[in-house]
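Read through the structure below, which is laid out as structure tokens, and then see the notes.
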Amino acid sequence: MEDQVFFYHSQKGNEVTGVMKVVEEAHQDPTTKDSRWLSVTFEPVMTLERSVGLQEIKEEPSLSEIGLVRQQRLAVMKLSKEEFYKIIGLTSAP
């Protein structure tokens, strides 16, 4: 299975809005010659039926230790399969 990731709006709304898959792993960012800058190429998989906001994620006890809750300025973080599907499950919550 290819890696799946969430699309998270950090500048507007602070919410998970979709799922993407990684189609090309870390490679030189084409917008700069600085070798310290890397990029990843994604392909959309689905738009979530309902966005899941940061506050809602923070209120879920089983997600209290994820990087997004503990250190909000992360650009990338790993989630367990359980954490990933817990967030997906929140999309059907009222």
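Values as computed for the structure displayed
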{"item": "Rounded to 10°, Cα long-axis angle of helix 81-90 versus longest principal axis of the chain", "result": "60 degrees"}
{"item": "Estimated translational D of the chain in µm²/s (Stokes, Kirkwood radius over Cα pairs; 25 °C; 0.890 mPa s)", "result": "171 µm²/s"}
{"item": "Charge-dipole axis of region 16-69 as Lys and Arg at +1 and Asp and Glu at -1 on Cβ define it, positive-most pick from Val45, Gln28, Ile66", "result": "Gln28"}
{"item": "Where GluC sites (Glu not before Pro) in DSSP loops with at most 16 other Cβ within 10 Å are excluded, longest remaining stretch of the chain", "result": "3-58"}
{"item": "Gain on full stretching of the segment that runs from Lys78 to Leu38 - 0.36 nm per residue minus C-alpha separation", "result": "12.7 nm"}
{"item": "Modelled FRET efficiency - R0 30 Å, Ser62 with Thr17, Cβ distances, 0.05 increments", "result": "0.90"}
{"item": "Helix-only CD estimate at 222 nm, as mean residue ellipticity for the chain, using -39500 (n - 2.57) per DSSP H run (n ≥ 4)", "result": "-4500 deg cm²/dmol"}
{"item": "Partners for Lys86 among lysines (Cα-Cα distance below 21 Å; same-chain residues under 8 apart left out)", "result": "Lys21, Lys58, Lys78"}
{"item": "Over region 55-94 - Rg/Rh using Cα atoms and the Kirkwood inverse-distance radius", "result": "0.94"}
{"item": "Val45 versus Gln4: modelled label distance in nm, points set 7 Å from Cα along the beta carbon direction", "result": "0.3 nm"}
{"item": "Net charge of neighbours whose Cβ lies under 12 Å from the Cβ of Val22, counting Lys and Arg as +1 and Asp and Glu as -1", "result": "-4"}
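Readers should treat all values here as calculations from the given coordinates under stated rules, not as data from a laboratory. Bear in mind the structure is a predicted one, so any value in this text is a computation, not a measurement. Methodologically, a virtual Cβ is constructed for each residue, glycine included, from the backbone with ideal geometry; neighbour enumeration extends over all protein chains shown.
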